[in-house]
Amino acid sequence: MQKKILLIDDSIFILTTVSKFIETAGYKVITAIDGEVGIDLAIKEEPDLILCDINMPGLSGFDVIEIIRTNKITASIPLIFLTALVEKKIMREGMIRGADDYLTKPFKKQELLDSINAQWKRNARIDAIVDSRMAETFILFEKKITCKLNKMAMQIENLDKKNRI
C-alpha cells in the first residue's frame, strides 16, 4: 500500500516542489498551507508521516506538534520538521516537543529521503517488538486459560465422583 505523507508549509513553492519530489519517490502527498489545516488533515487522513514547517503564520509548527502529540489519532505519527530556523536552541525545542527529525532548509532531496526512510525503519522495529510482545502475551494467556480449564475439569470430575459414591 502506498504510504501517505502530509506536508504542512506556508510556502506555495515548498508545497509544490517538495510534494512533486515526494510523489516521484512513490508516496501519496497531502498538502496544507497552514498549521490549522494541517491538523485537520492529520486527523481526517491519518497520514503515515508528517513534514512540517515551524515558522508559519497562525499556528506554528510547535503548536502543530503539541496538538498532534496529544490527539489519540495522530499521537504516534512520525513528524519531521522542515525549517529555515537553524539555531540549535530551536532545533532542541523541536526535538523536546516530540519531533522525530529536523531538517533545515535548504535541504538536499537525498537528505529528505534518508530522513523519511529512517522513520519507516524505526516504525518497522517498533512494530516487530509490539508483535513479539503480543505473541508472548497471547502464549502466556493461553497457558493460564488451559491451566484454569484443566483445574476446573478436575474439580468437576471430583464432584462427579463424590456424587456417584
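A few notes on this one:
- Counting the residues of segment 4-38 that are in a helix (DSSP H, G or I), of a type outside the set (Lys, Arg) and out of contact with any strand residue (DSSP E or B) (no Cβ under 8 Å at 6 or more places or on another chain) gives 7.
- Residue count for segment 108-124, restricted to those that are closer than 15 Å to Ser19 by Cα and either in contact with a helix residue (DSSP H, G or I) (Cβ under 8 Å, 6 or more places away or on another chain) or touching a residue at least 60 places away in the same chain (Cβ under 8 Å) (or both): 4
- Looking across segment 8-24, the residues that are within 15 Å of Phe107 (Cβ to Cβ) and hydroxyl-bearing (Ser, Thr, Tyr) come down to Ser11, Thr17, Ser19.
- Every condition in (1) part of a loop (DSSP other than H, G, I, E, B); (2) surrounded by fewer than 17 Cβ atoms within 10 Å (Cβ to Cβ); (3) touching a residue at least 24 places away in the same chain (Cβ under 8 Å) is met by Val86 except one, and the failing one is (3).
- Taken over segment 47-85, the criterion of being in contact with a Ser or Thr (Cβ under 6 Å, 6 or more places away or on another chain) and farther than 21 Å from Ile12 by Cα is satisfied by Ile68 alone.
- When restricted to residues that are touching a residue at least 24 places away in the same chain (Cβ under 8 Å) and either surrounded by fewer than 17 Cβ atoms within 10 Å (Cβ to Cβ) or more than 17 Å from Ile68 (Cβ to Cβ) (or both), segment 96-107 contains 3.
- A single entry from Glu111, Glu93 fulfils the requirement of being surrounded by 10 or more Cβ atoms within 10 Å (Cβ to Cβ), at pLDDT 90 or above and not small (Gly, Ala, Ser): Glu111.
- Put simply, of Asp53, Asp48 the only residue that is crowded, with 23+ Cβ neighbours inside 10 Å and in contact (Cβ under 8 Å) with a residue 12 or more places away in the chain is Asp53.
- For Gly58, the conditions (1) closer than 30 Å to Met1 by Cβ; (2) part of a loop (DSSP other than H, G, I, E, B) all hold with the exception of (1).
- Flag if Lys105 is under 22 Å from Thr17 (Cβ atoms) and over 21 Å from the mean Cα position of the chain (by Cα): yes
- Residue in segment 23-30 that is polar (S, T, N, Q) and either touching a Lys or Arg at 6+ places or on another chain (Cβ under 8 Å) or under 21 Å from Asn117 (Cβ atoms) (or both) present: yes
The values are calculated or read from the model by the stated rules, or taken from the named source; none is laboratory data. Note that the structure is a prediction, hence the values are computed from the model and not measured. Neighbour counts are summed over all protein chains in view; Cβ atoms, including those assigned to glycine, are modelled from backbone coordinates with ideal geometry.
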